[in-house]
Amino acid sequence: MSLTPYFDHIPAIRYEGPESDNPFAYRWYDPAHKVAGKTLREWCRFAVCYWHTFRGTGADPFGPGTLVRPWEDGSDSLEMAIKRADVVFDFVSKLGLDFYCFHDRDVAPEGKDVKVTNANLWKVAKRFKKLQKQTGIKLLWGTANMFSHPRFTQGASTNPSADIFAYCANSVKEMLDVSLELGGENYVFWGGREGYITLLNTDMGREADHAAAFFQMAVDYAKKIGYKGQFLIEPKPCEPTKHQYDFDSATVLAFLRKYKLEKHFKLNIEANHATLAGHDFPHELEYARVNGALGSIDANRGDWTNGWDTDQFPNDVKEWAHAAYIIIKNGGLGSGGLNFDAKLRRDSVDVEDYFHAHIGAIDTVARAFRIAGQMLSDGVFEDNLKRRYRSFDKGIGKQVESGKADFESLQKYILKKGNPDPMESGRQEYLENIFNRYC
Ligand code: XLS
Ligand code: CA
Ligand code: CA
């Protein structure tokens, strides 16, 4: 039974298999299908994102919003916020997914002062609690929007104004309380304007110290209230600021280690942010994985022909096969999941387009997991890795890995040998051909 009538003309989206030509069915996402010992539902933990899917307007720097939502009354009222919550839960239910994600300001309007703003958030959170109970849908992660309102123009926790720092402390404190109340499985920090445009007005060292103090306060507060969700930081190199402090996985991990915060945080990797940073998506995932910090994923894509954060829905099976391979090697995402931080194009103005976008993305990822599971069980790439590094399994290589070698012992070894063994092929083209056979 739906809560609102807006999607009544669309059937519940179910798995029908690759032969189906029903645009309102999954062709690859069979939630119960097992890959590498777990179901696709367990691997994927898909989430619908509140902000793009329900609050994005389609506006761009050259023109206003275009998207049509029959349920909207054009206001940003609390009444509309409550009604919208029902529509969101209907949508997630119809897709048969388990999770949603939101920022405080996606779901509840600001009031005349901080007190009213907080009260508004709690009114909607109460509604969410009821809807979660009714539908079984869960909160993958919540976050605070500390970048849209003009007060955040010069940053949030890195703002030169201590008042803004305090304002942000209130926002995160409230959202942690809300996350505790709603059982949010993770809590995300994306430092929207935590960066700068010019060093002429920026004390970089002091701003980093402030950001670290803020994160420490969040950790302390979560402990105090008994909130056990996983903290995640989402790297992004630029947009909206020129230099963002959370540039990429490596930068965030270096920051966390400097301030001894690393055991409290993992990373939320967004595909489009990886490409903006000049990496590819698998690189960012693998960097996080080998550092024990792969927490969750914002599933979207950029456009290879430009350098913008276009936030399109994922549709590249090959790219995702590689991503899924890394996720499976990671043993999954723990409490994390795959959040569709992606927006419809400005001219995708039909209600059906929300479904096509999500169905396509879900099927892309599900198909990729099936492929990755097969690649792992066939073992070609893992066998190749073992073979490629085998000189470290014995002799002098083993001594290096076990910490028993030093420059002198290595020099003695190579002097005796005279010359290193000849180079072996990296077999890149061969491996690429094999990868292509799967996709
Ligand atoms: C923006 C970010 C943002 C975060 C959450 O580029 O992707 O949406 O995921 O604040
Ligand atoms: Ca994101
Ligand atoms: Ca993005």
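The values are calculated or read from the model by the stated rules, or taken from the named source; none is laboratory data. In this text, all values refer to a predicted model and were calculated from it rather than measured experimentally. Heads up, the Cβs are rebuilt from the backbone with ideal geometry, glycines too, and the neighbour counts pull from every protein chain shown. Heads up: the accessible areas ignore ligands, DNA and RNA and are worked out on the full protein's heavy atoms, side chains in. Shrake-Rupley method; radii C 1.70, N 1.55, O 1.52, S 1.80 Å.
Does THR66 meet the test of being polar (S, T, N, Q), touching a residue at least 60 places away in the same chain (Cβ under 8 Å) and touching a Lys or Arg at 6+ places or on another chain (Cβ under 7 Å)?
Working: polar (S, T, N, Q): yes; touching a residue at least 60 places away in the same chain (Cβ under 8 Å): yes; touching a Lys or Arg at 6+ places or on another chain (Cβ under 7 Å): yes.
Here the answer is yes, as THR66 does meet what is asked.
In region 241-252, the condition of being at pLDDT 95 or above, open to solvent by 70 Å² or more (accessible area, probe 1.4 Å) and more than 16 Å from ligand 1 (Cβ to nearest atom) is met by no residue.
Does TYR50 fit the bill of being closer than 18 Å to GLU352 by Cα, open to solvent by less than 30 Å² (accessible area, probe 1.4 Å) and within 16 Å of ligand 3 (Cβ to nearest atom)?
yes
Among the residues making up region 307-347, a single one is of a type in the set (Gly, Ala, Ser), within 16 Å of ligand 1 (Cβ to nearest atom) and open to solvent by 40 Å² or more (accessible area, probe 1.4 Å): GLY307. The set of residues in region 222-259 that are part of a loop (DSSP other than H, G, I, E, B) and β-branched (Val, Ile, Thr) contains only THR241.
Report yes if GLU110 is in contact with an Asp or Glu (Cβ under 9 Å, 6 or more places away or on another chain), among the acidic types (Asp, Glu) and modelled with pLDDT of 95 or more, otherwise no.
On the way: in contact with an Asp or Glu (Cβ under 9 Å, 6 or more places away or on another chain): yes; among the acidic types (Asp, Glu): yes; modelled with pLDDT of 95 or more: yes.
So GLU110 fits the description; yes.
Determine which member of the set PRO31, PRO23 is in contact with a His (Cβ under 9 Å, 6 or more places away or on another chain) and assigned to a loop (DSSP other than H, G, I, E, B).
Numbers: PRO31 fails: in contact with a His (Cβ under 9 Å, 6 or more places away or on another chain).
So the residue among PRO31, PRO23 that is in contact with a His (Cβ under 9 Å, 6 or more places away or on another chain) and assigned to a loop (DSSP other than H, G, I, E, B) is PRO23.
The helices (runs of 4 or more DSSP H) falling completely within region 320-407 that include 3 or more residues that are more than 28 Å from the chain's Cα centre (by Cα) map to 380-388, 395-401. Residues in region 77-97 that are under 27 Å from the mean Cα position of the chain (by Cα) and in a loop (DSSP other than H, G, I, E, B): GLY96, LEU97.
Scanning region 106-143 for residues that are within 17 Å of ASN339 (Cβ to Cβ) and open to solvent by 50 Å² or more (accessible area, probe 1.4 Å) turns up just one, LYS138. Checking each residue in region 144-166 for being β-branched (Val, Ile, Thr), open to solvent by 10 Å² or more (accessible area, probe 1.4 Å) and under 21 Å from TYR187 (Cα atoms) picks out only ILE164. In region 51-76, what residues are touching a Gly at 6+ places or on another chain (Cβ under 8 Å) and not in a loop (DSSP other than H, G, I, E, B)? Those that are touching a Gly at 6+ places or on another chain (Cβ under 8 Å) and not in a loop (DSSP other than H, G, I, E, B): none in region 51-76. For region 272-284, taking the residues that are closer than 16 Å to ASP246 by Cβ and within 14 Å of the chain's Cα centre (by Cα), the one that is farthest from ligand 3 (Cβ to nearest atom) is identified as GLU284.
Just checking, how many residues over region 98-124 are under 30 Å from THR39 (Cβ atoms) and assigned to a loop (DSSP other than H, G, I, E, B)? Here the count works out to 1.
Mind listing just one residue for me: the one in region 368-405 that is closer than 25 Å to LYS34 by Cα and of a type in the set (Phe, Trp, Tyr) and, of those, most open to solvent (accessible area, probe 1.4 Å)? So the residue we want is PHE381. Total residues in region 282-336 satisfying the condition of being aromatic (Phe, Trp, Tyr), at pLDDT below 95 and away from ligand 2 (no atom under 16 Å from the Cβ): the figure is 1.
Among the residues of region 253-281, those that are away from ligand 2 (no atom under 16 Å from the Cβ), open to solvent by 20 Å² or more (accessible area, probe 1.4 Å) and closer than 21 Å to LEU333 by Cα comprise GLU262, LYS263, HIS264, ASP280. Taking the conditions (1) closer than 25 Å to GLY295 by Cα; (2) open to solvent by less than 70 Å² (accessible area, probe 1.4 Å) in turn, GLU42 satisfies each one other than (2). Of the residues making up region 215-252, just one is away from ligand 2 (no atom under 16 Å from the Cβ) and on the phi > 0 side of the Ramachandran plot, namely GLY226. Picking from residues in region 283-306 that are touching a residue at least 40 places away in the same chain (Cβ under 8 Å) and assigned to a loop (DSSP other than H, G, I, E, B), the one that is surrounded by the most Cβ atoms within 10 Å (Cβ to Cβ) is ALA299.
For region 176-193, a residue qualifies if it is within 16 Å of ligand 2 (Cβ to nearest atom) and hydrophobic (A, V, I, L, M, F, W, C), and the qualifying residues are VAL188, PHE189, TRP190.
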